[in-house]
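Chemist: Got a structure for you, written out below as structure tokens; questions coming shortly.
The values are calculated or read from the model by the stated rules, or taken from the named source; none is laboratory data. What you see is a predicted model, and the numbers here were worked out from it, not measured in a lab. Here the Cβ positions follow ideal geometry from the backbone for every residue, glycine too, while neighbour counts run over all protein chains shown.
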Amino acid sequence: MAETTSHDVVCPFCGIGCDDVTLTVDGAAVTAAEGTCGRAAQLFARSGAPAPSARIAGRDVSFEEAVAEAAKRLGASKTIAYAGLGTDVDGVRAVLKLAAKTGGSVDHYASEGMFRNLASSQRKGWVATTFAEVRNRCDLFVVVGPDPSKAYHRVYERVLPATGRFVEGPRRVVFLGGAPTEDAKSQLEGLSVEIIATPEGGLVDALSQLSALVAGSVPPAAGPEIKALAEALKAARYGVLAWSAASLDDDGDLVIERAVSVVDALNVTTRAACLPLSGKDNLTGAYHATLWNVGFPLRVGFRDGVSDHDQTAYATANAVKEADLVVWTSAFRPELPPASAAAVIALSHPDTVFDTEPAVFIPVGQPGLDHQGLAFRADSVVGLPLRRYRDAGLKSVADVVTLISEARA
Amino acid sequence: MSAVRIINGRVLDPANGESSVVRDVVIDGGRIVDAKGFSGATETIDARGGVVMAGAIDIHSHIAGGKSNITRLLMVEEQRANREPKGDFCGCGGGLSTMTAHATGCRYAEMGYTAVFEPAMVAANARHMHAEMKDIPFLDTGGYVVLGNDDFLLDLISSGAGQQAVNDYVAWQLAATKAMAVKIVNPGGINAFKFNQRKLDLDEANPHYEITPRTILTTLIKAVTELGLAHPIHLHGCNLGVPGNEDTTLATIAATEGLPLHMTHVQFHSYGTEGDKKFSSGAAKIAEAVNANPNISIDVGQVMFGQTVTASADLMSQHRNRGIASPKRWIGMDMEMDAACGIVPFVYKEKSFVNALQWAIGLELFLLVEDPWRIFLTTDHPNGAPFTTYPHLIRLLMDKDFRDEHFARLPKAVRKHSIVGELKREYTLEEIAIVTRAAPAKILGFKDRGHLGAGAVGDVVIYRDDPDREAMFTKADYVLKNGQVIVKDGEIVSIAYGQTHQVAPDYDTGIETKLDRWFDEAMGFKAKTFKIADDEIRDGQGAVTHATTRSA
Amino acid sequence: MILNGVEIRDSFAEAFPMVGTRLIITADTPKWAMIAAKTMTGFATSVIGCGCEAGVERELAPEDTPDGRPGVAVLIFAMDIKGLKAVVPLRIGQCVLTSPTSACYAGMEGGDVVSIGKALRYFGDGWQIAKNVDGRRIWRVPVMEGEFVCDHESGTVSGVGGGNILILGTSRAETLAAAEVAVEAMEKVEGCILPFPGGIVRSGSKVGSKYKGMFASSNNAYCPTLRAQTETKLPPEVASVQEIVIDGVSFEAVSACTKAGIEALVALGRDKGVVAIDAGNYGGNLGPYHFKLREIMA
Amino acid sequence: MTGFVLTPRGAFDARVDLTGALPGASDLERLSIGYGFRRVALGDLFSVSGSGADRLTIAGGSPLLDRVAAGLTSGELVVDGDVGAELAKGATGGSVVVNGSAGAYAASELAGAHVTISGDVGERLGAAGDGARRGLSSGTVVVGGSAGLRAGERQRGGVIVVKGDVAEGAATDLIAGTFAVGGALRGLAGRGMKRGTLLLRSAEGLSSGFADAGEHDLVMLRVLVRRSEALAELFGEGLTRARRFAGDLNVAGKGEALIVSA
């Protein structure tokens, strides 16, 4: 088969949704061109070796046998944890449908950060914004906590080009309680970049002070830098507080809640918004599809066909403790299922190297490479169309799950 | 699919001038055929004592998209309290004002609705909305793309690019988002709020673009008229919910200069400032203007008492309303140089002067607008109330005693300020068939929906002719979707999926060069990524593209 | 009926419904509890001119108060709940909040409620603190001395106002002395207060006046100096009359208090100058509560 | 009257959701309860004996028993042994006694009941659950042992008493109410406190947003120990003085931590 090169390919991995990837496909082999961020290039790249066979307990079997075994195990299990969920929207829909039939919990493996966001957004709400708004309006961009570009490589390039349509003068970027990486610094060249350090574990307090200051109080411990930042935010035309919830620590929910209240207070007199980033491997799509199909934002449990939501009990980390079967889906990358005593059915990336061989392994295709599909960008609003660029004989998660579901009867 | 013959029913088909004619209705191959000439139906449904109507169509109900998901997120208590029980056709959803896709389809179908349109499809979120609509069973759907606050358009208008360029852009957006019509929400106001403007009246200039809502509105009215869209501009006007907005609404009607305009949830735009509370009904004035201007159609956005959640692209208004959120939480979002959204949970209280008067204003509009072909039965689901209150609303319109009984419960001050008690009109069954079927089909340009003539799709409903009209319209005896029985005795009995309706008027591809540059520079991604491909709608199956004057 | 030479007239006291509440005022010392209590029940002899009738009900030992400090129970009555709601926070605010070391608690539950901290907390200017314990809410209002603590609100009771006895005596000195003895006995009855100065009202009045706007006026039938000019209720040997007015939380309480007073007077007897015991009424048409002296003593 | 007694038929091999198993519930044996991801009749897991509507005893607890006494409105529920998550969540009345330990979210969103747990509790005692703005709002919970992370998070009223130690983040974002600790705090206590009172033995472990306001004789303390048996038991009936710390000043909070010396 001749080598084909596709341009403007949409990258589905981190959630920033870059759509300028160039892919060269030769048979099953894939190379992503220079210019794509390193992480994406690595994740897109495929050796061209044929896809591995499906396996039962490490033994190569036919696809049909593996599907039948998976169906059999589903029937024999009491407590199933559907985990991973690294798949496109159709894959998520299929998993939800199956879980409704078998019973079990459903969660995305990278949802921890998202639930830190929900601690504020679900409880009190927030004013948020999207990439294009930031790109054109934001005159003061405050990075809360660790530099998000560690997870979202090209975030500044995407949302903070040197000029913005409605921004007068140079944009200011302030890192509060974190510092830009070297790569981030180069993306931010030409912008005014400041760092406000906070003591170890002091981010919550710093944001508390900031929140009190913008709302008109003067906390005694607030230092001059925080006071100046409060004044700058009040004077900004469109201030944005951004964070990567997954890279915050266990107090991340408190950090976020305070950042949200800073924005809330600012919007009384000027405009401001949050840019909460969380969205690796279509986490955002899994969240959306679960909401519109089930009514809850992930971490749902199905019991006799009726769904329920519990952010603690149905979190993967807790669910696997109780489960006798884990159904793991990871189509974007060779992510490993969580260690547990439960048997594992792995619908996984073909390159996955397991620590512990799963009971059933079925290799699946990657959305946006092996099949088309829908993923969501990390700012929640924009859907990313993922296309098919090769045929390596790999089925989508949706197809495999549907077949397993049909085989149950 | 086998043919079905419905016998002995009283057929109510205002589109074809049939009111209460006892005749057979035959559906074959998913479409209605001439009953007289057809033989060989394998299934017969005896509709004796029943009324046969076309499937109902809701032209304005927020059933899908990012803002619907935010309502679900914010109303987790409601979700927990309303779980779909296990059943053969269970999608395990739930909710009431925040129904899941599955529950939305079920609840609409049980009432005899077979087509529902999402009136606020923010272009940036269109792909999400379509994915979600795919999961709504039973219903034909479609979205109205929200324009009029998008920076590209405002730039186009303010830079004097001309009507033709606007027309091309509108056509491009309709095609790119697979939309059925164009919606404007608070023209220019959502955009102005991003520049920290808190209020924008019809003739007030946007702080950045220096163009007024009037200019935006008239330019887009011209665009859809010249593109030949069946559905006129679907307008959520300026100053939603602001006392005194009746003047803005009247000025907006005058601004159309005779061109067609659909004004949505007009109840929220019919407020005066009389009385001690500086809040009064403007319904009489608005109805008079609607009666006098045949180019205007409205839907009401009736308010019903109880918990709901308000979801709107109008962040300017919703930010204003955040203080009255109940439960106390709300979400706002600026979206992609395109629009915004604001979600505010709310409880309409019978004892509240303002809420009770809102209820009365809605009914006044229903009863004072004379032409049933130009008024539509909506609660602006979920903003005024969940759509499941429609049967109650129908009874309020059809049954004066029932209406008076409810009116009597309102606070005295409200009764003093409303003429609902004096209005004698009772809607006839035929008028209900018009406002829920024939007229919606007409305003959307459907030739094969909303009626029971030969060639129409086989979306047919049989209601038991119950003098309690609320009971009658709550659960249909039979609902057929494309000839398939989906509801029997008010219960779902089989699953079917509808189609997605869209228009695709032709445009000068020159606009694409501009848009490519706009996306690369302003949006930071590619126009071709933004555009939704045909195969993304219902997996490439089930899209219907309607003809326009300037068709592709 | 004649007991120990004292005539118990066939008369009755005619009383009216009033709404009342009990408050418990505590302080670091009994002295300051009593000062606060006396001050807050001062100028509260008659609803006609004071808006309420109030008085000290009894002193409380530390173990009987909500904070374990010495305390005083007071009762306050008004003609209706609206009147009581107006007067209670006003009096606490002016006289208890201001009084050193004081605290103020609800002395009864049930019925309609009157505000204590609910109204007074605003003195705290945002620094006030509510504490809910055991289903009850107290307020802490910062003051220069420390904190003023009070309950959120107090319950009320439908009480009886205007119970009374008239003591007809042989001389001014003997009649007053007898009245003082009666007061001492009556003060021991729980649930009652005697709102007038020292429990005694020498200007017991009749309803109405020849002057417009006067609600009460000289009770000429009992005024010894007028016996030649007006119809009199006084036998020739009576030279002076004192009245004791009783407000109580119930008919029974007022009845018991009346009885205690009469018994004390009867014990003194004709020898100590007590000629007769009478009661004030308006013919039975105005007030629903009738305290028939002979029935009480029967 | 002894009330109903539920005796486990054997060990549980999945989480049991006891929602609805309350004193006064009719036909307990046939009550549908969650068992793992199935529903079963309560009678499948427990034998039911005794009678009487006012009291229900679970004779044999387990950390797998979730939502015990959740939503209780009246009557008494006693557990001999441990319970799992969400003990007495949202209960508005009645009393709950656990002779053992409880899991996460014990007394979460409690709104009037009295809960006593003799052992330890997991994280977020009396806290707000998913999506809820407010934690325990009225009623009392007394923990004999120690409490896990973020005890009293978003507490809105009522009284929480922990006789033992409390893990990090106690009283986080506490809105109002009284939270007493007999043992030690493990740090970051009272962060984001808006109002409310912490009654502590030591200021060690308070978050940095608290400032010393000096020693005071507070009449309020006398009232607290007289109105709350639990507080009297912990601090003695003679309580009159405390050192007051105000906080969390970083959020312009008006809460306080009162340090009661032993």
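Chemist: Give the residue, chosen from B:Ala124, B:Ala56, that is among the aliphatic types (A, V, I, L, M), surrounded by 24 or more Cβ atoms within 10 Å (Cβ to Cβ), in contact (Cβ under 8 Å) with a residue 12 or more places away in the chain and away from every other protein chain (no Cβ under 13 Å).
Modeler: B:Ala56
Chemist: Now a separate question. Give the residue, chosen from B:Ala504, B:Ala527, that is touching a strand residue (DSSP E or B) at 6+ places or on another chain (Cβ under 8 Å) and either surrounded by 22 or more Cβ atoms within 10 Å (Cβ to Cβ) or of a type in the set (Gly, Ala, Ser) (or both).
Modeler: One residue alone meets the criteria, B:Ala504.
Chemist: Just one of A:Val159, A:Val127, A:Val173, A:Val142 is within 14 Å of chain B (Cβ to nearest Cβ), β-branched (Val, Ile, Thr) and farther than 30 Å from A:Gly295 by Cβ; which is it? Give the steps one after another, and end with the answer.
Modeler: Working: A:Val127 fails: farther than 30 Å from A:Gly295 by Cβ; A:Val173 fails: within 14 Å of chain B (Cβ to nearest Cβ); A:Val142 fails: within 14 Å of chain B (Cβ to nearest Cβ).
None of the others qualify; the one that does is A:Val159.
Chemist: Which one of the conditions (1) away from every other protein chain (no Cβ under 14 Å); (2) farther than 27 Å from B:Cys92 by Cα does A:Ser261 fail to meet, given that it meets all the rest?
Modeler: (1)
Chemist: Then there's this: Give me the residue from region D:200-229 that is buried (at least 24 other Cβ atoms within 10 Å of the Cβ) and touching a residue at least 40 places away in the same chain (Cβ under 8 Å) and, out of that set, farthest from D:Gly247 (Cα to Cα).
Modeler: Among them, the one singled out is D:Leu224.
Chemist: Would you please name the residue that is nearest to C:Gly204 (Cα to Cα), looking only at residues in region C:274-288 that are crowded, with 18+ Cβ neighbours inside 10 Å and at pLDDT below 95?
Modeler: Checking each candidate, the answer is C:Gly280.
Chemist: On the given criteria, is C:Pro62 within 23 Å of C:Ala103 (Cβ to Cβ) and in contact (Cβ under 8 Å) with a residue 12 or more places away in the chain?
Modeler: no
Chemist: May I pose another question? Collect the residues in region C:39-71 that are within 22 Å of C:Ile244 (Cα to Cα) and over 12 Å from the mean Cα position of the chain (by Cα), keeping them in residue-number order.
Modeler: C:Thr39, C:Met40, C:Ile48, C:Gly49, C:Cys50, C:Gly51, C:Glu59
Chemist: Would you tally the residues in region D:238-257 being touching a Phe, Trp or Tyr at 6+ places or on another chain (Cβ under 8 Å) and away from chain A (no Cβ under 14 Å)?
Modeler: Of the residues in region D:238-257, the ones touching a Phe, Trp or Tyr at 6+ places or on another chain (Cβ under 8 Å) are D:245-249, D:254, D:256-257.
Still in the list and also away from chain A (no Cβ under 14 Å): D:256-257.
Result for region D:238-257: 2.
Chemist: Considering only residues of region C:119-145 that are free of Cβ contacts under 8 Å to residues at least 12 places away in the same chain and either at positive phi or among the charged types (D, E, K, R) (or both), which is surrounded by the fewest Cβ atoms within 10 Å (Cβ to Cβ)?
Modeler: C:Gly126
Chemist: Turning to a different aspect of this structure: For region B:175-189, check the following and say yes or no: at least one residue is under 30 Å from A:Ala289 (Cβ atoms), touching a residue at least 40 places away in the same chain (Cβ under 8 Å), within 14 Å of chain A (Cβ to nearest Cβ) and assigned to a helix (DSSP H, G or I).
Modeler: yes
Residues checked against (1) surrounded by fewer than 21 Cβ atoms within 10 Å (Cβ to Cβ); (2) within 17 Å of D:Asp248 (Cβ to Cβ); (3) touching a Ser or Thr at 6+ places or on another chain (Cβ under 8 Å):
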position: D:Ile160; (1), (2), (3): no, no, yes
position: D:Lys163; (1), (2), (3): yes, no, no
position: D:Ala171; (1), (2), (3): no, yes, no
position: D:Leu174; (1), (2), (3): no, yes, no
position: D:Leu185; (1), (2), (3): no, yes, yes
position: D:Leu188; (1), (2), (3): no, yes, yes
position: D:Arg191; (1), (2), (3): no, yes, yes
position: D:Lys194; (1), (2), (3): yes, yes, no
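Chemist: I've got another one for you. For region A:84-124, enumerate the residues that are under 30 Å from A:Arg171 (Cβ atoms), more than 11 Å from chain D (Cβ to nearest Cβ) and not hydrophobic (A, V, I, L, M, F, W, C).
Modeler: Step one: of region A:84-124, the residues under 30 Å from A:Arg171 (Cβ atoms) are A:110, A:113-114, A:116-121, A:124.
Okay, now just the ones that are also more than 11 Å from chain D (Cβ to nearest Cβ), so A:110, A:113-114, A:116-117.
The answer is A:Gly113, A:Arg116, A:Asn117.
Chemist: Show the residue pairs meeting these rules: Cβ distance below 9 Å; 6+ apart or different chains; first residue within region D:49-70 and more than 14 Å from chain A (Cβ to nearest Cβ); second residue in a loop (DSSP other than H, G, I, E, B) and of a type in the set (Asp, Glu).
Modeler: Close Cβ pairs satisfying both conditions: D:Gly61/D:Asp82; D:Val68/D:Glu86.
Chemist: Can you tell me which condition B:Thr308 does not meet? The list is (1) over 18 Å from the mean Cα position of the chain (by Cα); (2) closer than 30 Å to A:Ala272 by Cα, and all the others hold.
Modeler: (1)
Chemist: A follow-up question, please. Just wondering, is there one or more residues in region A:189-210 that are at the interface with another protein chain (Cβ under 9 Å from one of its Cβ atoms), touching a residue at least 24 places away in the same chain (Cβ under 8 Å) and in a loop (DSSP other than H, G, I, E, B)?
Modeler: yes
Chemist: Test of understanding: among B:Gly483, B:Gly542, B:Gly453, B:Gly510, which residue is touching a residue at least 24 places away in the same chain (Cβ under 8 Å), surrounded by 22 or more Cβ atoms within 10 Å (Cβ to Cβ) and not assigned by TED's automatic domain parsing to the domain that holds B:Ala109?
Modeler: Sole residue among the options that is touching a residue at least 24 places away in the same chain (Cβ under 8 Å), surrounded by 22 or more Cβ atoms within 10 Å (Cβ to Cβ) and not assigned by TED's automatic domain parsing to the domain that holds B:Ala109: B:Gly483.
Chemist: Kindly provide the set of residues from region B:498-552 that are within 14 Å of chain A (Cβ to nearest Cβ) and touching a Pro at 6+ places or on another chain (Cβ under 7 Å), ordered by number.
Modeler: Result: B:Thr529, B:Ala533, B:Glu536.
Chemist: Restricting to region A:1-29, count the residues that are surrounded by 15 or more Cβ atoms within 10 Å (Cβ to Cβ), more than 10 Å from chain B (Cβ to nearest Cβ) and free of Cβ contacts under 8 Å to residues at least 24 places away in the same chain.
Modeler: The qualifying residues number 4.
Chemist: Turning to a different aspect of this structure: Could you grab me the full set of residues in region A:276-292 that are facing chain B (nearest Cβ under 10 Å) and either surrounded by fewer than 24 Cβ atoms within 10 Å (Cβ to Cβ) or part of a strand (DSSP E or B) (or both)?
Modeler: Listed by number, the list is empty, since nothing qualifies.
Chemist: Do any strands (runs of 3 or more DSSP E) entirely within region D:73-157 hold 3 or more residues that are more than 10 Å from every other protein chain (Cβ to nearest Cβ), surrounded by 24 or more Cβ atoms within 10 Å (Cβ to Cβ) and of a type in the set (A, V, I, L, M, F, W, C), and if so, which? Steps first, please.
Modeler: Working: elements: D:76-80, D:95-99, D:111-117, D:138-143.
Filter on region D:73-157 gives D:111-117.
Chemist: Given the structure, is A:Thr312 within 14 Å of another protein chain (Cβ to nearest Cβ) and closer than 30 Å to D:Ala85 by Cα?
Modeler: When the stated conditions are applied, A:Thr312 passes them.
Chemist: To continue, here is another question. Here are the criteria: (1) buried (at least 24 other Cβ atoms within 10 Å of the Cβ); (2) farther than 25 Å from A:Asp308 by Cβ; (3) among the polar types (S, T, N, Q). Tell me which single one D:Thr57 does not satisfy.
Modeler: Of the numbered conditions (1) buried (at least 24 other Cβ atoms within 10 Å of the Cβ); (2) farther than 25 Å from A:Asp308 by Cβ; (3) among the polar types (S, T, N, Q), the odd one out for D:Thr57 is (1).
Chemist: Take the conditions free of Cβ contacts under 8 Å to residues at least 60 places away in the same chain and more than 14 Å from chain A (Cβ to nearest Cβ) and apply them to B:Leu250. Does it pass? I'd like the intermediate steps shown before the answer.
Modeler: Details: free of Cβ contacts under 8 Å to residues at least 60 places away in the same chain: yes; more than 14 Å from chain A (Cβ to nearest Cβ): yes.
So B:Leu250 passes the test.
Chemist: State all residues of region B:71-86 that are in contact (Cβ under 8 Å) with a residue 24 or more places away in the chain and either more than 7 Å from chain A (Cβ to nearest Cβ) or surrounded by fewer than 23 Cβ atoms within 10 Å (Cβ to Cβ) (or both); if no residue qualifies, say none.
Modeler: Matches in region B:71-86: B:Thr71, B:Met75, B:Glu77, B:Glu78.
Chemist: Please go through region A:30-52 and give me each residue that is surrounded by fewer than 16 Cβ atoms within 10 Å (Cβ to Cβ) and either more than 26 Å from the chain's Cα centre (by Cα) or among the polar types (S, T, N, Q) (or both), ordered by number.
Modeler: Those that are surrounded by fewer than 16 Cβ atoms within 10 Å (Cβ to Cβ) and either more than 26 Å from the chain's Cα centre (by Cα) or among the polar types (S, T, N, Q) (or both): A:Gln42, A:Ser47, A:Gly48, A:Ala49, A:Pro50, A:Pro52.
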